[in-house]
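See structure below.
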Amino acid sequence: MGLLHFLKGKVVFIGIGNPLRGDDGFGPLLVQKLQGQVSAVCLDAGNAPETYVGKIIKEKPDTIVLLDVVHLGLAPGEYAVLQKEDILKTGFTTHDLSPNMLIQYLESQTAAAIYLLGVQPQTTEFGAEMSESVAKALDNLVVKIKEALDA
């Protein structure tokens with residue numbers, strides 16, 4: 001069973017992050033690269049995923065995948081798929097809004113399975129470029145997601 005075996009039914013990807021903060025641009029850049037390349041809804045929610053909940057709910061998704069940098073205690077560029085229980089245990093993301101609040105609200109409004117595809121950042125400093133390790137992970141994930149959705 002592959003890393004992305006959970007991509008079932010109608011999938012909504014939500015890219016979270018700020019491209020002006022180095023690796024924090026991972027989520028938005030990944031959805032931009034997937035847009036039009038996969039049979040899924042791809043939303044760039046930037047730093048305000050809460051403003052997209054209405055749009056997400058209207059899609060009636062089966063699977064919701066939040067894409068973000070997360071402090072996982074791994075090497076930069078390594079990534080993991082987290083479920084709700086795992087998200088509660090992580091140091092969480094670089095953003096103000098707790099992903100737990102977002103997930104709880106989406107769970108109350110949809111029947112979707114919700115995951116967080118998190119990548120370990122190297123830098124989230126304002127004005128920094130995306131690190132090579134996160135850029136490689138991003139390119140790798142584009143290929144893996146396309147393969148998983150084509151299967």
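We did not get these values from a lab; they are worked out from the coordinates using the rules stated. Everything numeric in this text was worked out from a predicted model, so none of it was measured. Neighbour counts run over all protein chains shown; Cβ positions are idealised from the backbone, glycine included.
One table, with the values for the structure above:
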item: Aspartates and glutamates whose Cα lies under 15 Å from that of residue 144, excluding same-chain neighbours fewer than 8 positions away; result: 78
item: Theoretical gain in end-to-end length, residue 107 to residue 74 [0.36 nm per residue, Cα-Cα removed]; result: 9.1 nm
item: All aspartates and glutamates inside 15 Å of residue 8 as judged from Cα atoms, apart from same-chain residues fewer than 8 positions distant; result: 59, 62, 147, 150
item: FRET efficiency for residue 50 and residue 125, using Cβ-Cβ distance with R0 set to 22 Å, rounded to 0.05; result: 0.35
item: Computed lengthening from residue 37 to residue 81, 0.36 nm per intervening residue step minus Cα-Cα distance; result: 13.7 nm
item: At least 24 Å along the helix axis (C-alpha) and Kyte average at least 0.0, DSSP helices within the chain; result: 132-150
item: Amide H partners (placed H, <5 Å) of residue 82, local residues excluded; result: 116, 117, 118
